[in-house]
Amino acid sequence: MEDIRDKIIEERSPGEDSMDLLWMTSFWEVFTDCTIELDSQFVITHLRRKVDSSSVLEGIVGRFFLDIIAEGDKSLVLENLELLKTGDAPYVRFPALSEFDRYHRWTLVPIFHANEFSGCQGVAIDITEQTLKEITLNWQRAVIEEGSDFVVISDINENLLYVNPGAYQMSGYESESNSFQLASLFTPEHLRLVRTEGIKAVIKNDIWVTRGELIKKDGTSIPVDQTLFSIKDEKGEIILVATVIRDITSFIEHEARLEEARSAAEAANVAKSEFLSRMSHEMRTPMNAIIGMTNIGLTSPTVEKKDYAFGKIDAASKHLLGVINDVLDMAKIEANRLELSLARFNFEQLLKRVVDVINYRVEERSQQFTLGIDKAIPRILIGDDQRLTQVITNLLSNAVKFTPEEGSIHLEARLLSEEDDKCFLEISVTDTGIGITREQSARLFHSFEQADAATSRKYGGTGLGLAISKRIVELMGGDIWIESEPGQGSKFIFTAMLSKIPDSLNGELSKEHFPEETVRSSAEAYDFSQFTILLAEDVEINCEIVLALLEPTKINTVCVDNGLQAITAFEKNPSKFDMIFMDVQMPELDGYEATRYIRSLPYPKAQQIPIIAMTANVFREDIEKCLAAGMNGHIGKPLVLNELLAVLEQNLRADK
Ligand code: ADP
């Protein structure tokens with residue numbers, strides 16, 4: 001064994017004894033946590049530990065040195081051990097984590113016998129505490145260095161000692177730029193605030209937080225939160241001031257969006273509750289008329305008075321039905337479920353029918369009404385005639401409503417352009433009424449909006465008609481707008497794309513399928529005495545209404561209460577019945593089931609007999625459901641005599 005004393009430079013006063021190896025060894029032991037000896041295979045052969053050492057290396061004698069080292073450090077340790085074997089290094093020193101979760105700095109010295117590596121001796125110092133501190137410092141530094149926050153350490157006079165990359169990035173200055181100064185990053189007022197209140201708070205040992213703006217190098221500014229705090233020495237003297245700044249642009253934007261959403265929700269709430277109260281008014285007013293006039297009718301002794309009351313009840317119920325239909329249409333629009341259904345129709349007849357409906361109100365108000373139809377518009381068109389009627393009726397009834405007595409109203413239909421299978425129409429309603437301001441007209445087509453509160457008080461209305469019209473027109477590939485001046489009248493214009501049939505067929509079809517309608521206003525004109533219908537309807541008053549409406553036609557009617565009874569009645573005597581009116585919602589067995597059952601019966605009559613749904617479910621999908629169940633048609637409630645007669649005529653082919 002080489003003598004360790006050969007490797008020591010010894011300086012001593014002349015005459016003093018040389019240093020004693022034993023003394024050195026004990027000195028080592030004071031400063032090290034353990035001494036260790038390994039054999040040539042690096043098996044631990046000897047260990048001396050200090051009793052009070054925090055190091056827990058124990059039970060390691062007899063094990064390979066590498067085995068007590070934590071996985072992550074093994075390769076580093078192996079490299080060092082290899083170095084020892086070659087004799088190239090007089091010693092090796094390395095830090096390593098042991099399997100006991102402690103960090104040690106190992107110093108190992110090789111031993112050679114006759115030039116043969118025979119093992120090593122060494123010491124370990126437990127450096128766990130320092131290492132952990134270093135690790136903590138490292139990640140703390142990383143947080144500051146790599147975080148996006150602006151961190152600056154300065155002395156109390158704003159001389160910069162440390163600026164993190166985030167600060168350069170946020171402010172737009174180059175790092176190492178001399179022009180980066182705290183003072184140039186804020187407005188003079190903000191700087192004054194920092195230098196007075198901020199520094200005062202920091203001196204008092206407080207953390208000072210403020211919100212402001214940071215002026216970037218390019219002159220633009222961003223909203224920031226700024227925090228100031230002090231760093232003190234052991235004596236409690238302030239040596240440094242830390243400034244941390246956070247960019248809150250996205251936070252502010254988020255807050256603004258939230259605020260916007262909140263006020264939009266509030267506005268929607270207000271609009272909805274205004275709508276509800278308006279709706280309540282709109283429904284209660286005709287209801288009031290119906291109930292009041294019913295009372296008057298019931299108690300009036302004279303037929304004239306009763307007739308007068310019925311007339312009023314009739315008008316009020318029709319108005320109420322209109323309100324209900326508008327609300328339901330709006331609900332469909334809100335649920336995105338408004339759809340068009342296509343059919344062939346005669347355009348001129350459609351306009352005339354609309355005019356017929358509106359005419360009596362025009363006459364009532366002594367208004368002038370004129371109609372202009374462009375002769376170039378094809379007679380037969382394909383589209384949703386009911387919805388088209390709805391839009392024109394709405395515009396016309398608004399015109400009547402908002403035009404004083406003796407005013408005039410003009411309905412005009414023009415062909416804008418035409419292609420092989422399509423035509424683009426413009427329909428306008430011009431009145432000499434109260435007119436609307438530009439500002440009001442922008443809102444009219446939104447749901448629940450009316451020109452102003454005073455208008456709605458004076459004229460009533462739900463404010464839904466134009467919103468519904470707009471949606472319908474959009475579905476038809478068109479648009480709707482208004483030209484108006486207050487006091488000068490209004491012109492509502494809409495466009496719509498409709499399909500047409502090939503020109504060669506147009507003339508023929510118009511005669512064949514669309515004969516001029518002969519309006520029969522009374523049921524007396526029909527004689528259905530040779531026919532019997534089965535009516536399945538659970539609500540007694542509804543049966544009564546059908547019976548009363550059809551009485552003049554002398555048709556025979558058998559009434560039953562539900563689907564089950566309808567089946568029983570039909571099966572008992574199928575040949576007796578010529579047609580079935582089937583309510584949909586009924587107890588025991590509903591109209592769909594009853595129809596399906598009848599259609600499944602094994603004789604031809606069960607398949608042939610016309611079954612017509614008679615129901616208050618009037619949406620397109622309701623009608624489709626009826627047809628899918630095997631019914632032939634649909635008639636909506638409330639019943640309209642003319643529709644009822646048309647269905648009978650169509651299905652019974654009665655003698656006129
Ligand atoms: P309603 O008539 O049921 O209130 P609309 O949506 O049809 O609902 O109309 C909305 C509003 O547009 C009306 O309340 C009225 O203020 C205004 N308006 C509609 N048509 C006219 C018109 N021809 N002249 C003046 N104002 C009109």
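The values are calculated or read from the model by the stated rules, or taken from the named source; none is laboratory data. What you see is a predicted model; the values in this text were computed from it and never measured. Quick reminder, even Gly has a Cβ in these numbers, built from the backbone with ideal geometry, and neighbours come from all protein chains shown.
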Please specify each residue of the range 562-581 satisfying the condition of being under 16 Å from Ile612 (Cα atoms) and out of contact with any Ser or Thr (no Cβ under 7 Å at 6 or more places or on another chain).
Asn562, Gly563, Ala566, Ile567, Phe570, Met579, Ile580, Phe581
Looking at the range 614-656 only, could you name the residues that are of a type in the set (Gly, Ala, Ser) and on the phi > 0 side of the Ramachandran plot?
Gly630
Identity of the residue in the range 524-564, among the acidic types (Asp, Glu) and in contact (Cβ under 8 Å) with a residue 24 or more places away in the chain, that ends up nearest to Asp583 (Cα to Cα)
Glu537
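For (1) farther than 30 Å from Ile203 by Cα; (2) surrounded by 10 or more Cβ atoms within 10 Å (Cβ to Cβ), each residue gets a yes or a no:
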residue	(1), (2)
Thr243	no, yes
Asp247	no, yes
Ala256	yes, yes
Glu259	yes, yes
Asn269	yes, yes
Met279	yes, yes
Met287	yes, yes
Met293	yes, yes
Thr302	yes, no
Taking Ser317 as the residue in question, decide whether it is polar (S, T, N, Q), surrounded by 12 or more Cβ atoms within 10 Å (Cβ to Cβ) and at pLDDT 85 or above.
yes
Taking Leu47 as meeting all but one of (1) in a strand (DSSP E or B); (2) among the aliphatic types (A, V, I, L, M); (3) touching a Leu at 6+ places or on another chain (Cβ under 6 Å), write down the number of the exception.
(3)
How many of the residues making up the range 204-217 are loosely packed, with under 13 Cβ neighbours inside 10 Å and touching a Ser or Thr at 6+ places or on another chain (Cβ under 9 Å)?
2
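Please list, ordered by residue number, the strands (runs of 3 or more DSSP E) wholly in the range 343-426 having 2 or more residues that are within 16 Å of the ligand (Cβ to nearest atom) and surrounded by 14 or more Cβ atoms within 10 Å (Cβ to Cβ).
Counting at least 2 such residues, we get 408-418.
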Find all pairs meeting these conditions: Cβ atoms under 7 angstrom apart; at least six residues apart or on different chains; first residue within the range 294-318 and more than 24 Å from Val640 (Cβ to Cβ); second residue outside any helix (DSSP H, G or I) and of a type outside the set (Ser, Thr, Tyr).
none
Filtering the range 579-591 down to residues that are surrounded by fewer than 23 Cβ atoms within 10 Å (Cβ to Cβ) and modelled with pLDDT of 95 or more yields Met579
Residue pairs meeting the criteria (Cβ under 8 Å; at least 6 apart or on separate chains; first of a type in the set (Val, Ile, Thr), in the range 476-492; second assigned to a strand (DSSP E or B) and more than 10 Å from the ligand (Cβ to nearest atom)):
Ile480/Ile493; Ile480/Phe494; Ile480/Thr495; Ile482/Ile493
Selection over the range 116-155 where residues are over 30 Å from Ser175 (Cα atoms) and surrounded by fewer than 11 Cβ atoms within 10 Å (Cβ to Cβ) yields a count of 1
So which pairs qualify, if the first residue must be in the range 384-396 and closer than 16 Å to Ile324 by Cβ, the second must be within 11 Å of the ligand (Cβ to nearest atom), the Cβ gap must be under 8 Å, and the two must be at least 6 apart or on different chains?
Gln390/Ile468; Gln390/Ser469; Asn394/Gly465; Asn394/Leu466; Asn394/Ile468; Asn394/Ser469
Identity of the residue in the range 87-115, assigned to a loop (DSSP other than H, G, I, E, B) and of a type in the set (Gly, Ala, Ser), that ends up farthest from the chain's Cα centre (by Cα)
Ala114
Selection count, the range 435-462, where residues are near the ligand (Cβ under 7 Å from one of its atoms), touching a strand residue (DSSP E or B) at 6+ places or on another chain (Cβ under 8 Å) and either modelled with pLDDT of 85 or more or not in a loop (DSSP other than H, G, I, E, B) (or both):
2
Working only within the range 550-563, note down all residues that are part of a strand (DSSP E or B) and β-branched (Val, Ile, Thr).
Thr557, Val558, Val560
For the range 626-656, what are the residues that are over 22 Å from Glu544 (Cα atoms), touching a residue at least 40 places away in the same chain (Cβ under 8 Å) and charged (D, E, K, R)?
Asp655, Lys656
